[in-house]
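Student: Here it is: the structure, laid out below.
Quick note: the coordinates plus some simple rules give every number you see, no bench work behind them. Note that the structure is predicted; figures quoted are calculated from it, not measured. As a convention, Cβ positions derive from the backbone with ideal geometry for all residues, glycine included, and neighbour counts pool all protein chains shown.
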Amino acid sequence: MRGLLLAGLSVALCGCGHYSDFTLPPPDSAGPHTPFTWAASPEPVLGRGPEAWDSGDVLNPSVVRFHGAYSNLYSGFDGKVWSTGAASSSDGVAWKKLGQVLSAEGWESPGPAGQGSNGSALVENGAIWYWYVAGDPPGIALARSNDGMRFEKLSKLVMPPGPRGSFDERGAADPYVIRRGEFFYLYYLGQDRARRQTLGVARSRDGVEWEKLRANPVLELGSADSFDENGLGEPAVWSSGGSYWMLYTGRDRAEHRRIGLAQSQDGVKWERDDSFRPIAGEQAWDSQVVCDPTVEVSGNDVRVWFGGGDVAHPVANIHGQIGVGVLRGQ
């Protein structure tokens, strides 16, 4: 999210895409379920710099297991544009930065609105597939890599913004992709003409051609004075304990960001878990912003890598760094 769609977007849109009615396969019965408790490491595990390209903010981790290690494709901001970098770890805590691996070029519209970053990684057929934000107005593009460092981009958006009047008319961003059976499912932020940011879902057999849920959005803005009344973004979805679960970022009117929890039986009809206290920063470094979750399920735990910052701002320059915590289920 990070206000990616708040800065000057053009009105004219070109992609209507395909729509259908669908649900996800039944969720996994094993694994953690509510009530969840939260605990986070006090210090960030991935900080800013020392290279210029990620000296402003380090946010939006996307962590996968690849070639026997953890691979983290994260977003870095240099004060003008966002890019994607890679880091590697044996345990998911101690990270070694490997450098910048992807940035926006040409039609991808380099700029401060998240193009070339803010993506979702998934290992498929021995390669990393990485869906990321590109274009103006922003949509979702795809790049693939056999080694996690050299990425080959497709030449156009795989999921453009929606048609006039749709929930994602003014942009689509914050992808989070999971694989269930024969389909990929992509949860994402959509912004409408009133600049409301809500969450939707699409599916694809090949990760390239997507059909959006006709009934989008799947999660609306929160009620007045709630932690998510001003915008939703950055969904992270998994299946365990007989349900689908979603961690997502919520913005309040003061641009503080916290992470909430929602539950679904079919991956389409979502309800907030009002018994779960939204995750807020407990340390100085993430005191104003907690955002960008990505998850790994292990036993009764859900490990969560997240972004945090000490400045409440919707776009960037929040002194962003990446932390790690655990949702412990029953």
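Student: Have a look at Val45, Ser55, Gly135 and report the one farthest towards the positive end of the charge dipole of the range 18-328, computed about the Cα centre with Cβ charges (Lys/Arg +1, Asp/Glu -1).
Tutor: Gly135
Student: Using the number of other C-beta atoms within 10 angstrom as an exposure proxy, rank Arg179, Arg170 with the fewest first.
Tutor: Ordered by Cβ neighbours within 10 Å, fewest first: Arg179, Arg170.
Student: Straight distance only, please: which lysines reach the Cα of Lys156 with their own Cα at less than 30 Å, same-chain residues fewer than 8 apart left out?
Tutor: Those lysines meeting the cut-off are Lys80, Lys97, Lys212.
Student: Could you please rank Tyr185, Tyr74, Tyr130, placing first whichever residue has the fewest other Cβ atoms within 10 Å of its Cβ?
Tutor: Tyr185, Tyr130, Tyr74
Student: Sort Asp136, Asp274, Asp28, Asp168 by Cβ crowding within 10 Å, fewest neighbours at the top. Each step should come with its number before you reach the end.
Tutor: Numbers: Asp136 18, Asp274 9, Asp28 15, Asp168 31.
Neighbour counts put them in this order, fewest first: Asp274, Asp28, Asp136, Asp168.
Student: Once the Cα gyration tensor of the range 18-328 is diagonalised, what are the square roots of 5 times its eigenvalues, in whole Å and ordered largest first, as equivalent ellipsoid semi-axes?
Tutor: 24, 23, 21
Student: Using unit Cβ charges (K, R positive; D, E negative) and no other charged atoms, how large, in debye to the nearest 20, is the dipole of the chain about its Cα centre? Don't skip to the answer; put the middle values down first.
Tutor: Numbers: 30 positive and 39 negative charges, 73 e Å.
Result for the chain is approximately 360 debye, rounded to the nearest 20.
Student: Pop a pseudo-label 7 angstrom from the Cα along the beta-carbon direction at both Gln265 and Arg214 and give the gap in nm to one decimal.
Tutor: Those two pseudo-labels are separated by 2.2 nm.
Student: Please name which of Met159, Ala94, Pro314 has its Cα lying farthest along the dipole of the chain towards the positive end, using unit charges on Cβ (Lys, Arg +1; Asp, Glu -1) and the Cα centre as origin.
Tutor: In the chain, that residue is Met159.
Student: I've got another one for you. What relative contact order, as a whole-number percentage, does the range 18-328 give when Cα pairs under 8 Å and 6 or more residues apart are counted?
Tutor: In percent, rounded to a whole number, it is 19.
Student: Something else now. Cβ under 13 Å from Glu108's Cβ, Glu108 left aside: what net charge do those residues give with Lys, Arg +1 and Asp, Glu -1?
Tutor: In short, 0.
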